[in-house]
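Input: a single structure, listed below in structure tokens.
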Amino acid sequence: MKEQEIQMPSVKELEEVVIGACLIEREAISQVASMLTPEMFYQDANRILYEAILELYKNDGVIDILTVTETLRRMGKLEQVGGPYQVALLSGKVASTAHLGTHTALVKEYYLRRVLIKGLHQQLCHAIDLQVDFMDTIMETQSMIDSLMNDNPAQNGLKTMEEVMKLTLTDMERRIQFNKQGVTGIPTGLDGLDNMNGGWQGGESTVLAARTSMGKTALALHFALTAAQNGHKAVIFSLEMHACKLGDRMLLSHSNLPSEEFKKGTLSELQVTEARQAAGELGQYSITVQDDSNQTMESICMTAKYLWSKGQCDIVLVDYLQFCRPDHAGRTREQEVAEASRQAKSLAKQLNIPVVLLSQLNREADSRPDQVPRLSDLRESGSIEQDADMVILLYRPAVLGIPTDKSSGYPTEGLGVGIVAKNRNGQTGKFYFGHNKEMSKIGDYIPPTGWIQKNSK
């Protein structure tokens, strides 16, 4: 069936009643404007009338038959709606605004039905056309449905203080119920970080930023494994590294296999058995990896929403932000990153899950004597810093040629430093973690025995 042959749902009288209510009742437009936009009116004349009413409303003008008529005349559209008589006629069709909310909701419902019909018709044509990528069709359909479900966020987000307090108490009780030694969210696997953020919290986005080869990916894998080991479902979007390479790192972190022999393929028979056993254990964890390097943040969000709807997504990790392909052409790099950052934050809030974004730092720190990263070192820093609830700056002093950490006095061999430079809902400061030479094993930092003995006196 052609789209032209489909009977689009609409009720002319409903649209007229809503417009008539705005003409006779001063307070009606504030209720209607929060739910309806001009394109939601199917009849051309009604859409033009509503545009005139909205213009008066936005400019704090009086809304009645005379002012709307004059506005339409000024717009050059008075005759398109049937002249002054038609405007006056609409006001006489409404005896009361008692059911305005119901009428407005129905106008919007019919509009959404029309959008759905058109969208599904288009996707049906794409599904039939074998030249169109099948997965693209699925993702576009999912995106359309998501858009319809989340239509009019301004209206959906309105809450009374009573509702706010109910939500606040519910969240408080959730934290009490799931509190484990101060950790109320998904554990990070690092005590120092858990003490600062209480674990990864739902609705929050975190940026983990560092220069190249500082261990961003290793730390992200540690976070994912820790989440899975605690019964949560982690999703990793790897834009830089193939899934097999991530698997290598996970296997090394979960075993005692020698890194060099593993990479060279010179493992003994006993070590191969150990590798298979570790792989079997890892295979039981709920971790999903998407390693398509052509992903945009929009496609990442759609995939995450799909997995979440199936109960398979409790935390999202993206490696890394600057590798996301642009959603739209013609934007600057800064605009692209800004939009991706905004979408990631929106995803966290919408699904009420933590989202961790890995990001690159620029080279500004290299020119400073201490080489310690700062918030200003974030590439395209403005938008990233603004959107993130937490920003963690990562560095390894030993890599920078620093033998002793100035703040703690720790020897830097095997020492990683995380600076919580921004924490919207908690404290800032440093935390330390330990790692082996290959960065395959991450954990809480324990100073060498000699250092402990020397500094315990």
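A short reminder: the numbers here are calculations on the coordinates, not readings from a lab. Since the model is a prediction, treat every value here as computed from it, not as a measurement. Every residue, glycine among them, receives a Cβ derived from its backbone with ideal geometry; neighbour counts consider all protein chains shown.
Observations on the structure shown:
- Of the residues ALA227, THR266, VAL94, the one whose Cα sits farthest towards the positive end of the charge dipole of the chain is THR266 (charges of +1 on Lys and Arg Cβ, -1 on Asp and Glu Cβ, taken about the Cα centre).
- The slack between ASN425 and GLN123, meaning 0.36 nm per residue of separation minus the straight C-alpha distance, is 104.5 nm.
- Take every DSSP beta bridge whose two residues both sit in the chain; close to 45 percent of them are antiparallel.
- Count, lysine Cα pairs under 22 Å in region 3-153, 8 or more residues apart or across chains: 9
- In this label model, SER213 and SER268 are separated by 3.2 nm, measuring between points 7 Å along each Cα→Cβ vector.
- Rounded tilt (10° steps) of 216-229 against the dominant C-alpha axis of the chain: 80
- Against the chain, whose longest principal axis comes from its Cα atoms, helix 12-24 is set at around 90 degrees.
- Mean Cβ neighbour count within 10 Å, used as a protection proxy, ranking 304-312, 230-238, 217-225, 6-14 highest first: 217-225, 230-238, 304-312, 6-14
- For the chain, a simple Cβ point-charge model (Lys and Arg +1, Asp and Glu -1, everything else neutral) yields a dipole of about 1120 debye relative to the Cα centre.
- The convex hull around the C-alpha trace of region 3-153, projected and averaged over every direction, spans 10.4 square nanometres.
- Averaging Cα coordinates gives a centre for region 8-77 and one for region 250-269; these two points are 70 Å apart.
- In region 182-301, the C-alpha radius of gyration followed by the widest Cα-Cα span (Dmax) gives 15.7, 46 angstrom.
- Per residue convex hull volume, Cα atoms of region 104-144, in Å³: 43
- Spatial extent of the chain: Rg and Dmax, with the Cα atoms as the point set, Å: 28.6, 96
- The angle separating the long axis of helix 65-75 from the principal Cα axis of greatest extent in the chain is about 70 degrees.
- Every helix of 4 or more DSSP H residues in the chain counts as -39500 (n - 2.57), and over all residues that averages to -15000 deg cm²/dmol at 222 nm.
- Measuring against 22 Å, Cα to Cα, the residue pairs LYS180/LYS437; LYS180/LYS349; LYS345/LYS422; LYS233/LYS349; LYS263/LYS430 contain LYS180/LYS437; LYS180/LYS349; LYS263/LYS430 as the ones spanning a longer distance.
- Computed about the Cα centre, the dipole magnitude for region 3-153 is approximately 500 debye when only Lys and Arg (+1) and Asp and Glu (-1) carry charge, each at its Cβ.
- Label point distance in nm, ARG342-GLU281, each placed 7 Å from Cα along Cα→Cβ: 4.6
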